[in-house]
Structure formats: structure tokens, C-alpha cells
Amino acid sequence: MIEAQGLTKDYGDKRAVDGLTFSVRPGVVTGFLGPNGSGKSTTMRLILGLDAPTGGDVTVNGKHYRDHEAPLHEVGALLEARSVHTGRSAYNHLLALARTHGIPRSRVDELIDLVGLREVAKQRAGKFSLGMGQRLGIAAALLGDPSTVMLDEPVNGLDPEGIHWMRSLLKGLAGEGRTVFVSSHLMSEMSLTADHLIVIGRGRKIADTSTSEFLSAASGNVVRLRSPQAAELSRLLVAPDVTVEALEPGYLEVHGLTAVQIGDVAAANGIALHELTPQQASLEEAFMDLTREEIEFKAAELEPEEAVA
Amino acid sequence: MSTLASIQRLPRAAHTGRVTQFRVVLSEWTKLHSLRSTRWSLFAGILLTIAFPVLFAAVTSSHWGTMSAHERADRHPLDIALAGVNVSQLAIAVLGVLVITGEYSTGMIRASFTAVPKRLPVLWAKTVVFGVVSFLLMLPPVLIAFFASQAILSRHDLLQISFSHPGVARSVIGGAIYLMLVGIFALGIGAIVRNTAGGIATFAAIFFVIPPLMNILPTSWNNAISQYLPSEAGRQIFSLTHGAHSLAPWPGGLLFVGYCALTLAIAAVLLVRRDT
């Protein structure tokens, strides 16, 4: 369980995180979605107490991260920036972390096998590829068998097999009742893994909803239809808040009406329909719509100040 | 990595309890001995501590016959025995800086502070582990340097000095203590500066640049101030003779310990306050 209340972080005069309030519940995978530079990594550093918030508060499992007696048993974290000494072997890196909590060597071995780094465990981490580095970071995150798992862009650098593995790992962790919080700028990846989404843009929360609701709300009323009398139907459908676009002869995309409304109009006028398909916006499109609004909102907000200046 | 896809469940593990200072010390010991830079720096420190006295003793011994009385009077056997300390201190200081700045440059510090979010146990553990390791590893070299240089100089009565002579044992063992303190001082500097190049430059400025600059000052000022500089105060720990304008071994040594404590205290305050 992660709970943030009005979480804010300024770096100089730049506001990286702006009044974020959210909670991440156990038992589901919560996606943390936003474009690069939107404040995801900063938020995660604030959760871990690596950076101190300018305002607001964030707790993990009911306490500030810093106040946990055994933090690695509470939260396992993979940060976006590499957090491994390049001169140390993967095994010794994990062992050094394990020793702070009295975690035995057998657990280190177990994690090395889990992430598939057995053959390179004695090699210096500096020689690792991006994907191997991610696996090592994931092993470190899971070392303490934590009840909350927080991963920043975990599929970065993983091969397709690794991405598949990561998805099932995350679902498995959530299935065991753990809190799973995963950031990504790849909406398509999140739509496959996350049950719930927290979307941020420019440090502000834009959406906090289930993935399915997010998709259906964002798709709006877009319907594609095929008809031999497309031109006639088009004239009948057009209204102030309805637009019709001909994608190809006889094939239309209608914005602003549902498939039911269009079908009824066609039937009432005796127009034949060969296809009538409601379009579901991809998560990418939904996301870009949302963040565009956020950016426009920001711009509108700035105008009065500029006028004064 | 072919077995990867088959293992997807995280095995459960017993929760082994909380972070303790002792556990963090064990962790820092693992970190220290598992890096090549540690082994190379300490090896260089050991080599320089022994090699310079052996070299100086051999050169002095072979030129003794041609040296003037004045030159001979300038040679002190303990200066020869501990000549290496002045050189090896740089290797130890570089390692002291690296012990902490290496974590900042690689990002390891984020993993360290995630495991130990109270942070200060990490600083104390690094200090203890590095202090104990550098003292234990530098003690044999200063003893070897003393007895080896004495053996080489055995033909020259003027250059013989007994280990039991007042102040000699203190000076020789003091060489190892001085190196340990230099390492701790450098570690504190590294924790404040958080950057390898900056840390080494700061250390070099304090130890090698500022002391000669003191000669610009009027002599009375120089005499009054120089003895209190970290390098000058620390030097008294392994010096047998003490000039009119230098501190005695104990006050000098304690002052140097004070500088180390001050550096670590500043580092501790900044460590808790700063973002990582």
C-alpha cells in the first residue's frame, strides 16, 4: 500500500511533482503512466525517501519509508537510473544489500536463478547489457520478499522473452496479494499488464482509474461504417457536433454518434449498411488526448501572466 | 538464460529482521573487499610504504662514504624508515575518497540508501570498516619498512636506532595510525564533495597545496598557524623529533582526530539533509 497526499517536489524553480494525491492498493498491478519527464521517477524517489518532498507526504505500508525497521522486506524497488557499482559482481552486489538485513546467501542464489543471471553472477556488473542490468535490479528489488514492489520502467532493455517473463512475474506478484506499482511511458505495455492506471503529465495527476474504464472513456464516439449509399448517409448524419470523414469511397469514420444512433438513422432512411464498427481508441491515443489537454491547460494558465509582463 | 521463462514465481523468504549497525558493517565489508580498486589501492599503499624506505636506505648506505658531516647529520634513520608513509598516504586517501564517491558516480548510493534509509549507519560502517582494514594492512608494512631499512643500514652506527628507543615504537606504529586517519579524513571529504575528482582535489589542496602556501605569510604568522594544519598536526604522530613550532605527538594526533571527526560530522549532517 502506497499513499501520497499532495506530494510536491521542486528542483530549483522547476516543479517536478505537483500536488499528487493517490493510493496504490495491494492485489492488483497499478500502472504509473506518463511521458518522459512527467515526474514518475521523481515520485518514486520521494516514496523511497531518496529525495525529500517540498510539500505533502507519502507513506508505504502506513509509515514513511525511512521509518521502517526492515525496509527491504516492505518495499522492493527498481529505479530507472542504474543503482549498481560497475566494479562489483552481480553476486556481491546482491550479497552486500542482503547483509544489511541479515538475509542469507541462499536467498541471493535463489534470486540469481529467478532472474536468470546464474552464468554471469561472478562477472562485474559494469560489463552487463541493459537487459542484464534490469534483471539484476529486479533481483535486488525482490531480495527481501517485499509486500510492495515498485518498478520504474522495468521492461526497458528486455528482449521479448524477458518482457513476457516480466508480465507474468508482475501478475504473479499481484496475485499473491502484493502491492505492485509499475511505471512506464509505453501505454501499450501498460494495457497488457496493469489493472489500474494512475496517469500523470507535467507532475500532475490526470487520471486515476481502472484500465478498462480509461480505455472506454477515452475512445469517445468514433464509428466506422461501410455503405453503398455512403454519400447520402453522410448528409443525413452531419450535425453541429458530428463530423464525418470519408476514409475511402464508401467507407466513413463518424465522430460524435454511437453505432446505435447511426444504425437507427440508416434503417429509418432505408440505407444499407455493410459494416458498422465502434472504434476503441488505443491507450496511446487516449493518453495523448489527455496529456494534450494538460499541456493546453498549462498554456492557457500562463497567458494572463504574460499579458501582465 | 534459457531457464528464464520457466521460473516466474517469487519464492517466499523468511523475514530476517531489521537493519542493525552490525549488519551494515558486514555489508560495507562485503562492498570494500569485492572491488578491484580497493585491492589495487591497498596494494599500492603497502608497496610504497616498504619500497621507499628500502630504496632510501640502500642509496644512503652506498653514498655514506662520500657524504659530508653536515649531510650525514641531516639523515635520520626514522625519517628513512617512514619515508614511504608520505607517499602511500596518497594511495590511502584516494581509496578513502573512492569508498564513498564510487557509490555516487555509479548510482550504487541509491541502492545503499534504499536498503538503509536512515543513511548514517552507512557512513559509520564505511568509516569503521575502512579504518580497521587500512590500519591492519598498513601496520605490517611500517614495521617491515623500519626493520628492513635498519638491516640495510646496519654497517653505519650513526644510522642505527633501536625499536625500544623512546618514541620509536610510537612513531613506527604511529605511521599506520596516521595512514588510517588520513583515509578516514579523505572518506569524510568524499562524503561532503560526492565526486571522485573533486574529493581527491580537495584532499590534495588541504594536504599538499595549503601547507607550502603558508610560507608566503610573515614568519611569525606561519609559525603560529602551520602547526595547526591537519597535515602538520597529523605528521606529529609518526615524527620522533618535534620542532619549536610544531605540536607534541599526542596534541598533534588528537587535533588530527578532531579534524577527522569534524569532517565526518559535516558529512553526516549533509548526508541526512541532501537529496540523493
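The values are calculated or read from the model by the stated rules, or taken from the named source; none is laboratory data. Owing to the predicted nature of the structure, the values given are computational and were not obtained by experimental measurement. Glycine also receives a Cβ, built like all others from the backbone with ideal geometry; neighbour counts cover every protein chain displayed. Heads up: the accessible areas ignore ligands, DNA and RNA and are worked out on the full protein's heavy atoms, side chains in. Shrake-Rupley method; radii C 1.70, N 1.55, O 1.52, S 1.80 Å.
Mind checking the per residue accessible area of the stretch B:1-95 for me, 1.4 Å probe, whole number of Å²?
On a per-residue basis, 52 Å².
So what does B:His70 come to for accessible area, using a 1.4 Å probe and Å² rounded to 10?
Approximately 140 Å² of B:His70 is accessible to the 1.4 Å probe.
Only protein chains counted, 1.4 angstrom probe. Which residues of the stretch B:96-111 are at least 50 Å² less accessible in the assembly than when their chain is isolated?
B:Thr106, B:Met108, B:Arg110
How big is the B-A contact in terms of buried accessible area, both chains counted, 1.4 Å probe, rounded to the nearest 100 Å²?
That pair of chains buries around 4700 Å² in total.
Using r as the Cβ-Cβ distance of A:Ser168 and B:Leu120, and R0 as 51 Å, what FRET efficiency do you calculate, to the nearest 0.05?
Approximately 0.80, to the nearest 0.05.
How big is D, in µm² s⁻¹, for the stretch A:6-70 by Stokes-Einstein at 20 °C and 1.002 mPa s if Rh is the Kirkwood radius over C-alpha pairs?
Calculated translational D: 170 µm²/s.
Please give, to one decimal in nm, the separation of the simple spin-label points placed at B:Ser162 and A:Ala52, each 7 Å out from Cα toward the Cβ.
6.0 nm
How large is the Kirkwood hydrodynamic radius of the stretch A:221-278, in angstrom, based on all distinct alpha carbon pairs?
Taking the inverse mean of 1/r over all distinct Cα pairs, the stretch A:221-278 comes out at 10.8 Å.
For the pair A:Glu245/A:Glu176, report the inter-label distance in nm, with labels modelled 7 Å from Cα in the Cβ direction.
4.7 nm
Shape verdict for the stretch A:94-155, please, from the Cα gyration tensor: rounded (a/c under 1.5), prolate (a/b greater than b/c) or oblate.
It is oblate, given that a/c is not under 1.5 and a/b is not larger than b/c.
Give the Cα extents of chain A along the principal axes, in whole Å, largest first.
77, 54, 34
One quarter of the convex hull surface, Cα atoms only: what value does that give for the stretch B:196-276 in nm²?
That works out to 6.6 nm², a quarter of the Cα hull's surface.
In the protein assembly as shown, carbon and sulfur make up what percent of the accessible area (probe 1.4 Å)?
Carbon and sulfur atoms account for 61 percent of the accessible area of the protein assembly as shown.
Each label point is 7 Å from the Cα along the Cα-to-Cβ direction; what then is the distance between the points at B:Ala204 and B:Arg12, in nm?
Going by the 7 Å Cα→Cβ label model, 5.7 nm.
Largest first and in whole Å, what are the equivalent-ellipsoid semi-axes of the stretch A:1-160 based on the Cα gyration tensor, each being the root of 5 times an eigenvalue?
28, 18, 14
For the stretch A:104-173, what is the charge dipole size about the Cα centre, in debye to the nearest 20, if Lys and Arg each add +1 at the Cβ and Asp and Glu each add -1 at the Cβ?
Value, rounded to 20: 200 debye.
First obtain the Kirkwood hydrodynamic radius of the protein assembly as shown from its Cα pairs, then insert it into the Stokes-Einstein equation at 10 °C and 1.306 mPa s, and state the resulting D in µm² per second as a whole number.
56 µm²/s
State, in angstrom, two size descriptors of the stretch B:1-129 derived from its alpha carbons: Rg to one decimal place and Dmax to the nearest whole number.
23.9, 82
Just read off the accessible area of A:Leu236 with the full protein assembly in place, 1.4 Å probe, to the nearest 10 Å².
Rounded to the nearest 10, the figure is 80 Å².
In Å², and per residue, what accessible area does the stretch A:19-106 have when probed at 1.4 Å with the other protein chains present?
31 Å²
Of the beta bridges DSSP finds with both residues in the stretch A:2-217, what % are antiparallel, to the nearest 5?
Expressed as a percentage, antiparallel bridges in the stretch A:2-217 total about 55.
In the protein assembly as shown, what percentage of the DSSP-assigned beta bridges are antiparallel, given to the nearest 5?
Percentage antiparallel, nearest 5: 65.
For the stretch A:2-217, how many pairs of lysine residues have a Cα-Cα distance under 19 Å, where the two are 8 or more positions apart or belong to different chains?
Counting lysine pairs in the stretch A:2-217 gives 5.
Which value, in debye to the nearest 20, describes the size of the charge dipole of the stretch A:61-101 about its Cα centre when Lys and Arg Cβ atoms bear +1, Asp and Glu Cβ atoms bear -1, and nothing else is charged?
It works out to roughly 180 debye.
Take the Cα atoms of chain B, find their three principal axes, and give me the spread along each one in whole Å, biggest first.
The Cα atoms of chain B stretch 81, 45, 30 Å along the principal axes, largest first.
Heavy atoms only, 1.4 Å probe, whole protein assembly: order B:Trp250, B:Trp40, B:Trp29 by accessible area, highest first.
B:Trp250, B:Trp40, B:Trp29
What list of whole percents do you get for P(r) of the stretch A:130-180, with Cα-Cα distances grouped in 10 Å bins up to the one holding the largest distance?
Reading upward from the zero bin: 26, 58, 16.
How large is the dipole of the protein assembly as shown about the Cα centre if only Lys and Arg carry +1 and Asp and Glu carry -1, each at its Cβ, rounded to the nearest 20 debye?
3060 debye
Keeping every protein chain in place, order B:Tyr259, B:Tyr228 by accessible area at 1.4 Å, biggest value first, i.e. largest first.
From most exposed to least exposed: B:Tyr228, B:Tyr259.
Ignoring ligands and nucleic acids, what accessible area does B:Ile210 show with a 1.4 Å probe (Å², nearest 10)?
That residue has around 60 Å² of solvent-accessible surface.
Can you list the residues in the stretch A:37-61 whose accessible area drops by at least 50 Å² when all protein chains are present, compared with the chain alone? Use a 1.4 Å probe, heavy atoms only.
A:Leu50
Where the centre of each part is set by its Cα atoms, how far does the stretch A:99-138 sit from the stretch A:184-211, in angstrom?
Result: 29 Å between the Cα centres.
Set the Förster distance to 22 Å, then compute FRET efficiency between A:Met288 and A:Leu192 from the Cβ-Cβ distance, nearest 0.05.
0.75
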